[in-house]
Amino acid sequence: MRTQLQLAAVWRVMALTLFTAPAVAQPPDAPVSITAFGGVAMAFGPHPATGVAIALKPHPGPVSLEFEYLRSRPNPVASGSGIATFAGNILVQPSRQRSRFQYYGTLGVGFYSLLRDYQGTTDSARNIGAGAKVTLAGPWKLRMDYRAFLLAGTGGEHLAHRFYVGIAAGF
């Protein structure tokens, strides 16, 4: 019984820390941030994917420029294609945080390549998405992101989705 009470107390403290941290105690956004991420790319079937993003904030304000690369491997069992994307995005997020959560929206253009048997078909892609960054400690943030991609191609446009979770560090 005492162990259950202690565990409940720990959970309450963690919840209070996560949801009510004052924005004053957090450092301002860094002009450069790097995110390493992993997730699921839903382009022509689900594929585990990994990638990296670099964001640049040219001046103080809500707008950042972000460049990202993602790659998923082909699934030989399901005869599916992997996908690689490179995108340039405009990321808009409030300059001030009221809690540990910082929400953002993104809009971008780039290229994608379907990866089949070590040969790729490259075409253009547009994306729109949203996400949240959760301050962990110092410059470290947990980042959760959803994107919808419109992939151009010879057979018309295809809508693909992606969800990832990553760790971001600001410099």
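The values are calculated or read from the model by the stated rules, or taken from the named source; none is laboratory data. Note that this is a predicted model, so its numbers are computed, not measured. Cβ coordinates were reconstructed from backbone atoms using ideal geometry, including for glycine residues, and neighbour counts include every protein chain displayed.
Tabulated data for the structure shown
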{"quantity": "Among the residues listed as N127, N89, the single one being out of contact with any Ser or Thr (no Cβ under 6 Å at 6 or more places or on another chain) and free of Cβ contacts under 8 Å to residues at least 60 places away in the same chain", "calculated": "N127"}
{"quantity": "Condition met for G129 (surrounded by 14 or more Cβ atoms within 10 Å (Cβ to Cβ), of a type outside the set (K, R) and under 20 Å from P62 (Cβ atoms))", "calculated": "yes"}
{"quantity": "Test for G82: is it at negative phi and either of a type in the set (V, I, T) or without any contact (Cβ under 8 Å) to a residue 40 or more places away in the chain (or both)", "calculated": "yes"}
{"quantity": "Odd one out for S113 among (1) under 19 Å from N89 (Cα atoms); (2) modelled with pLDDT under 95; (3) crowded, with 19+ Cβ neighbours inside 10 Å", "calculated": "(3)"}
{"quantity": "Selection from region 72-90 of residues that are of a type outside the set (V, I, T) and modelled with pLDDT of 95 or more", "calculated": "F86, A87, G88, N89"}
{"quantity": "Strands (runs of 3 or more DSSP E) wholly inside region 53-171 containing at least 1 residues that are among the polar types (S, T, N, Q) and touching a Gly at 6+ places or on another chain (Cβ under 8 Å)", "calculated": "63-72, 82-92, 101-116, 119-137"}
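Let's see how each residue does on (1) in contact with a strand residue (DSSP E or B) (Cβ under 9 Å, 6 or more places away or on another chain); (2) at pLDDT 95 or above; (3) surrounded by 15 or more Cβ atoms within 10 Å (Cβ to Cβ):
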residue: R100; (1), (2), (3): yes, no, yes
residue: G105; (1), (2), (3): yes, yes, no
residue: V109; (1), (2), (3): yes, yes, no
residue: D117; (1), (2), (3): no, no, no
residue: Y146; (1), (2), (3): yes, yes, yes
residue: G153; (1), (2), (3): yes, no, no
residue: A160; (1), (2), (3): yes, no, yes
